[in-house]
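Here's the structure, in structure tokens; my notes come after.
The values are calculated or read from the model by the stated rules, or taken from the named source; none is laboratory data. Computed from a prediction, not measured in an experiment: that's the story for all the values here. A quick note on method: Cβ atoms are made from the backbone with ideal geometry, for glycine too, and the neighbour counts reach across all protein chains shown.
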Amino acid sequence: MIKGHFPIEQFKETETPFYFYDLRLLRQTLNLVTTLAKEYQYQVHYAIKANANKRLLQEIAQAGLGADCVSGGEIKAALEAGFAANKIVFAGVGKADWEINTGLENNILGFNAESIPELEVINQLALAQNKTASVAIRINPNVDAHTHHYITTGLNENKFGFNMQDMDKVLALLPKLKNIRIIGIHFHIGSQITDMVPFQNLCVRVNEIQDFFESKGMILQHINVGGGLGINYEHPNHIPIADFESYFKVFHHHLKLRPQQQLHFELGRSIVAPCGTLISKTLYVKEGATKQFVILDAGMTDLIRPALYQAYHHIENISSDAPLTTYDVVGPICESSDTFGTERLLNETKRGDYIAIRSAGAYGEIMASQYNLRKLPGVFYAE
């Protein structure tokens, strides 16, 4: 079993569980993303909801990426980390007034609006500040991402965005909204997509929608296709960086941009997931009636994805080179769903061994809770 390299001797000074962030891998990833984006003249925004760790945000901002925010708190975090305000976009189906005002006050690039009531509120708040809000209309393209139904966002049944049958009503309303300027259209079809076909289908749909807007005499400056690119959770040591090259090529070959249009992406998981690992210690190895359990000091409070989405994470015993044995790897929380993996092959494990739960840099630390009055996980950075 090929395993990752971790500085176990240094871990002894850090209380478990904690998140280990490989900043070298993050920088390699950012270098690839920015190189490809420059080649294609694309603008990439980092989706802060994936991980708002301040150190990671600073690294991403220094690389020149923009920020995709879904709350007022994320806008503030982006600005504090050094993201340029004119590279910040604000999405979300339920923006509160104070959040919209935060965006307006800081002159962010724009709002991705998702309903007629939201357009009316943005217009009202912009009027109060004597400003014109830049807005992209988020459209539901009805493209199936073929991923877990909890992280599918582009179907008509989902809560996000406008459906195309509403567009005539929206366009009739816009002339009355004097403090809104439509700068583009926005899409997002889902998350953890590794098959490029859904992205090709999105391109076809965006081309059709562009034709619709042009037929109405509207020239759009910005096309935002969201994110959704997945990573390889099964083989983090063999494939540590997402397939950004194939991803960007799909849009280069299949999306028909008009002159002067800029294409925007909102990538989160694919940028930060591989660089993060949840490190935990083994509390007990329990012999069950039909299986063995490795019981960790980390639980669903530290990494909720397996309990919430039945998500897979590669798991390694980084303290042992003993023969492989089959275990269920579980946490200490009083919930049956507090399980990281069933029937996993680990090097024979004993109390005190360090267990690494890989590819946890996205939707890990950011979603941690204090259920059962547990401490939040710590952090360890590797330069």
Return only the number of the condition from (1) in contact with a helix residue (DSSP H, G or I) (Cβ under 6 Å, 6 or more places away or on another chain); (2) assigned to a strand (DSSP E or B) that Gln200 does not satisfy. (2)
If you take the residues of the range 44-85 that are surrounded by fewer than 17 Cβ atoms within 10 Å (Cβ to Cβ) and touching a Lys or Arg at 6+ places or on another chain (Cβ under 9 Å), which of them is farthest from Ser359 (Cα to Cα)? Glu80
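Considering only the range 329-348, how many residues are more than 30 Å from Gly190 (Cα to Cα) and surrounded by fewer than 20 Cβ atoms within 10 Å (Cβ to Cβ)?
Quick first cut of the range 329-348, residues more than 30 Å from Gly190 (Cα to Cα) only: 332, 334, 345-348.
Add one more test, that the residue is surrounded by fewer than 20 Cβ atoms within 10 Å (Cβ to Cβ), and what stays is 332, 334, 345, 347-348.
Here the count works out to 5.
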Elements of type strands (runs of 3 or more DSSP E) contained in the range 60-119, each with 3 or more residues being among the hydrophobic types (A, V, I, L, M, F, W, C): 88-90
Consider Gln28 carefully, then state whether it is touching a Pro at 6+ places or on another chain (Cβ under 9 Å), farther than 24 Å from Gln262 by Cα, in a helix (DSSP H, G or I) and not basic (Lys, Arg). yes
Within the range 212-238, tally of residues that are among the acidic types (Asp, Glu) and in contact (Cβ under 8 Å) with a residue 60 or more places away in the chain: 1
Gly4 being at pLDDT below 95 and in a loop (DSSP other than H, G, I, E, B): yes
Looking for whichever is modelled with pLDDT of 95 or more and over 30 Å from Ala47 (Cβ atoms) here; the options are Gly299, Gly331, Gly352, Gly276. Which one fits? Gly352
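Test of understanding: among Gly217, Gly230, which residue is out of contact with any Cys (no Cβ under 7 Å at 6 or more places or on another chain) and either surrounded by 16 or more Cβ atoms within 10 Å (Cβ to Cβ) or closer than 30 Å to Asp297 by Cα (or both)?
Values: Gly217 fails: either surrounded by 16 or more Cβ atoms within 10 Å (Cβ to Cβ) or closer than 30 Å to Asp297 by Cα (or both).
Residue meeting the stated conditions: Gly230.
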